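No value in this document is a laboratory result; all are computed from the given coordinates. Because the structure is a prediction, the values reported are computed rather than measured. Because the Cβ atoms are built from the backbone with ideal geometry, glycine has one as well, and the counts that use them run over all protein chains shown.
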Amino acid sequence: MSALLEVQGLTRRFGGLTAVSDVSFAVSEGEIFGVIGPNGAGKTTLFNVIAGHYKPSAGTATFSGRGISGLRSDVIARLGIARTFQAVHLFAAETVAENLRRARVLSTSHGPFAYLRSFGTGRREPDLRDVATFVGLGPLLDQTAGGLAYGLQKMLGIGMALMVTPKLLLMDEPAAGLNPSEKRAASALIRRLRDERGISILLVEHDMPLVMGVCDRILVVNQGKPIAIGSPDAVKADPAVIDAYLGDDYEFA
Amino acid sequence: MKRLILLAAIVILAVLPWLANNRYVFHIATMIAIMAPLALSMNLMLRIGQLSMAHSAFMGIGAYASALLTMRLGLPPLASLLCGGVLAALTALVLGPVFLRIKGVYFVLLTYAFGQIVNLVFQEWTSLFGGNSGLYGIPKFSLAGYRLTAVSQYYVLALLFTAIAYWMVRAIERSDIGAILQSLNEDEMLSRSIGADALSWRIAVFTFSAAIAGISGGIYAFYIGFLSPQAFGFQLSVDLVVMNVIGGTSAALGPLLGAIVVVPLPELLREAKQYQLLIYGLCLMVFLIFIKQGLVSLIDRPRRKPA
Amino acid sequence: MIEQMIVNGLLAGFIYIIMALGFTLIFGIMRIVNFAHGEFYMAGAVVVLFLFGALGWNFFLAVVMAGFLAAALGIVIERVLFRPLVGNELPGMIMSLAVGITLQSIALILFGPSEQSIERPFSGTWQLVNAVVPWDRTVVAIAALVILAAFYLFLKYSRLGLAMQAVAQDRETASLMGVESGLIYASAFGIACALARLAGGLMAPIYTIGPYMGELPMLKAFVVVILGGLGSVPGAVLGGLLIGLSESVLSTLFSSTTALIASFTIVLLIVVMRPTGLMGRGAP
């Protein structure tokens, strides 16, 4: 297994506050990698730095051997890193099909010049129905996205990210706000993304059972600093991790 | 169907001046046809969520460039006209990467300051632009030896450009570019995370809309035959916004309707400018609060595009 | 000459500060760029023209009355016209254009386009080091300082002032803590209008009064506020003084148009390089 994403000493400061401090890890090809930590541990900031929404204060991120730290989010997306959001982001007034179609248009025609060049070639890949079926929205193509149940809206978010045909998918709390049965479906979908589509996954999540259930390896951060990394079982047994979570209501499954 | 009736109405309106065959009616119609593309260019900016106060300056750049290139360098009017558009577009292309990083209020302020500077330059650089007393003696527009002298001929020229501008904006609206711009405006973070280069798209729109404004300015210069900096001030940008608010911004038809309704006002109320302003102000208030989507929403309910 | 330039610059700067304060207050609290601010200034001068010039009221009483009327009008305008658009930057701005246009047209209908002037309540000059200082300007500067001090005390010590600062800093948190934003919006708008009208009223005897008199002060307020940082009160003070002084120097050495071009160029550079202005905080 070679490293698809490699993060070295990544640090992000906001004024005097260090939200992410010297975090290093590597996600291998075909791996489902989880990042967990108590509230305010800096998980989402770490995520946003990798996805290009913030510039790192120090450190580097490398994707397929290419440095990506400091690149704009759309450039990073073009390299093959898609992301989903913690909150629902979609074009609420449009249908499911139109949302997916727009995602395809946006990803193929990055800017005006690329659009003009691609004009006429009319890329029709990936197929809307195929992706919709994959995330469980096959029968709902003509529904208005804003009217879908919350869980389905999050699935649509994953579907839109898939229109980028990513090699790596960054998922920001995919289970947040889902009910137990939706969570089970989400876990299954995450595994299928890897098994059927060969997409590596970097996952930030609060839901312990889900993380422990789907991830190959887990990085635990606390107050911006990495405190443990390893398999779910190893992490669960790590005294530093147990310490960090003491007093919180988390329960390890 | 409604759209068809509306289009028929606009066509009838467009030929009306010939039926009236009155110089004054032709003049108003020509002014509408000059302002309509400008309103369309402002519409494009509003579609990317940016209110530009620089468009009066782009029109001014196009107008002065067309006039001066013909007067000083003896360029054929059509070439000057196109150069004026290109010059306005180039200005936007240079400013865009800097200006369009900035959004909302700050963009308005930035373009406002830019518009003021351009206007002050028109006023101060007397030897080139004629200053506040104006630039006189702009030759008539001519094409292949055919000189446009009558108002009705300028009306045709302006109408032709309005049709082209309208057609182009409609084409953008219907194509994937329309979907891209709408996506960027609705949820930029999402659009960028999927790979859309937001800044480049905005620069493209800014540049294109400046070109339209510049060419309209050129047509205005040849038609009026005299340029004064006051014609390209803050008030013009405001007028373009007013046309969009009253006509509606959601479709290309909106600014067109806006121009048809708003442009004749100062002409009709020439004797009582103060009432014109009052009507402007009150209309704006009513539309902003009660008819947010503009006239076009009263005629044409927005429909969902099939996937 | 240098002394004269400094004195002229400071005298102009004080009025810019008063104009800019209201402008920045509305932006800080409501996120609206109030293009009607110059028209409020004009309205203030018109009220003074009427009360002092025509009815023969005491000058200061007329100015204060103009301020009170403005506050009342401002509250009504905010409630009826701006409240439905809160949180919507673009429509808010267009609404302010509409308010400006309407006020201007009302002035045009009442007075016509001609400019009027009123008799100066103060005349003569006095000598400060090597500079000649007109008395009327001195009175304006003192009044401006008094208004500035009162505004500062209001923000610093009154409950309403503190609540306004809270809303300007973080709307959501302020509303969570029980600050009633509707009241804040209305009073901020009222105070801003009053400030503009006080400035207009004070300046009434110095310049001629007409429907378009607000445009230049509005431009200045705008430049000052961008320079100092939109929404920042100390920024408005600093910006007002800087613009007043630089204009005084540039217009003495070159021309007033040069000064204007220079100030707009400064605005351009500032917005591009540091959109939050000299004293502003946070990213836009």
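If each residue's Cβ is checked for other Cβ atoms within 10 Å, how do B:Met45, B:Met71, C:Met19 rank with the fewest at the top? Please list the in-between numbers first.
Details: B:Met45 25, B:Met71 16, C:Met19 33.
Ascending Cβ contact count within 10 Å gives the list B:Met71, B:Met45, C:Met19.
Using every pair of distinct Cα positions in the stretch B:172-259, the Kirkwood expression returns a hydrodynamic radius of 15.1 angstrom.
Taking 7 Å steps out from each Cα toward its Cβ at A:Asn179 and A:Arg197 produces label points 2.5 nm apart.
Averaging 1/r over each pair of different alpha-carbon atoms in the stretch A:115-225 and inverting the result gives 15.4 Å, the Kirkwood hydrodynamic radius.
Of all DSSP beta bridges confined to the protein assembly as shown, the antiparallel ones make up roughly 65%.
Where in chain C are the helices, taken as whole DSSP H runs, whose Cα atoms extend 18 angstrom or more along the long axis and whose Kyte-Doolittle mean reaches at least 0.5? Provide the component values of the computation, followed by the final result.
Numbers: long enough: C:2-30 (40 Å, 1.88); C:59-77 (27 Å, 2.71); C:89-111 (33 Å, 1.73); C:135-157 (33 Å, 1.53); C:181-203 (33 Å, 1.44); C:215-228 (20 Å, 1.83); C:233-253 (30 Å, 1.52); C:256-273 (25 Å, 2.34).
TM-like helix candidates: C:2-30, C:59-77, C:89-111, C:135-157, C:181-203, C:215-228, C:233-253, C:256-273.
Note on chain A: GNM, Cα springs under 10 Å; of A:Ser57, A:Ser181, A:Ser21, the largest mean-square fluctuation is that of A:Ser181. Along the axis of the charge dipole computed for chain B (Cβ charges of +1 for Lys and Arg, -1 for Asp and Glu, origin at the Cα centre), the listed residues B:Tyr112, B:Phe161, B:Pro76 are led at the positive end by B:Phe161.
Of the beta bridges in chain A, as assigned by DSSP with both residues counted there, near 55 percent are antiparallel.
In the stretch C:47-76, which residues have a backbone nitrogen under 12 Å from the label point lying 7 Å from C:Ser114's Cα in the Cα-to-Cβ direction? What the label zone holds, given the 12 Å backbone N cut-off, is no residue at all. Among the helices of chain B, those built from whole DSSP H runs whose Cα atoms reach 24 Å or more along their own axis and whose mean Kyte-Doolittle hydropathy is at least 0.5 are B:2-20, B:23-47, B:55-73, B:77-99, B:105-124, B:151-174, B:198-224, B:273-289. When chain A is treated as a GNM with alpha-carbon contacts under 10 Å, the residue of A:Asp142, A:Asp216, A:Asp243 showing the greatest mean-square fluctuation is A:Asp243.
Seen from a random direction on average, the alpha-carbon convex hull of the stretch C:146-284 projects onto 9.7 square nanometres. For peptide C:259-268, the mean count of partner chain Cβ atoms within 10 Å of a residue's Cβ comes to 5. On the principal axes of its alpha-carbon atoms, chain C has extents of 55, 45, 35 Å, going from largest to smallest. Counting every C-alpha pair in the protein assembly as shown, the share spaced more than 34 angstrom apart comes to 59%. Ranking B:Ser175, C:Phe264, C:Met65 by Cα position along the charge dipole of the protein assembly as shown, where only Lys, Arg, Asp and Glu carry charges on their C-beta atoms, puts B:Ser175 farthest toward the positive end. Placing a pseudo-label 7 Å from each Cα along the Cα-to-Cβ vector at B:Leu6 and C:Ala150 gives an inter-label distance of 5.3 nm.
Determine, from the Cβ-Cβ distance of A:Gln143 and A:Thr60 and an R0 of 30 Å, the FRET efficiency 1/(1 + (r/R0)^6), rounded to the nearest 0.05. Present the calculation step by step, with values, prior to reporting the outcome.
Working: r = 43 Å, r/R0 = 1.42.
Calculated value: 0.10.
The Cα trace of the stretch A:42-133 gives Rg and Dmax of 15.4, 45 Å, the first to one decimal, the second as a whole number.
Applying a DSSP loop filter and a limit of 10 other Cβ atoms within 10 Å to the GluC sites (Glu not before Pro) in the stretch C:29-122 leaves C:Glu119. Here the stretch A:90-165 is treated with +1 on each Lys and Arg Cβ and -1 on each Asp and Glu Cβ, and its dipole about the Cα centre works out to around 220 debye.
When all alpha carbon pairs of the stretch A:90-165 are counted in 5 Å bins from zero, the resulting P(r) reads 3, 18, 29, 22, 14, 9, 5, 1 %.
Mind checking the dipole of the protein assembly as shown: about its Cα centre, +1 per Lys or Arg Cβ, -1 per Asp or Glu Cβ, Debye to the nearest 20? All intermediate terms of the calculation are to be shown ahead of the outcome.
Details: 58 positive and 48 negative charges, 304 e Å.
Dipole size: approximately 1460 debye.
Residue order for A:Phe134, C:Phe14, C:Phe23, fewest other beta carbons within 10 angstrom first, comes to A:Phe134, C:Phe14, C:Phe23. Once you divide the Cα radius of gyration of the stretch B:64-185 by 2.2 N^0.38 Å, the number left is 1.32. Largest first and in whole Å, the equivalent-ellipsoid semi-axes of chain B read 29, 24, 19, each the square root of five times a Cα gyration tensor eigenvalue. Once every Cα of the stretch B:112-239 carries one equal point scatterer and solvent is ignored, give the base-10 log of I(q)/I(0) from the Debye formula at q = 0.11, 0.17, 0.19 Å⁻¹, two decimals. Per q value, in the given order, log10 I(q)/I(0) is -0.58, -1.03, -1.13.
The modelled label-to-label distance between B:Leu90 and C:Tyr212, using points 7 Å beyond Cα along the C-beta direction, is 3.3 nm.
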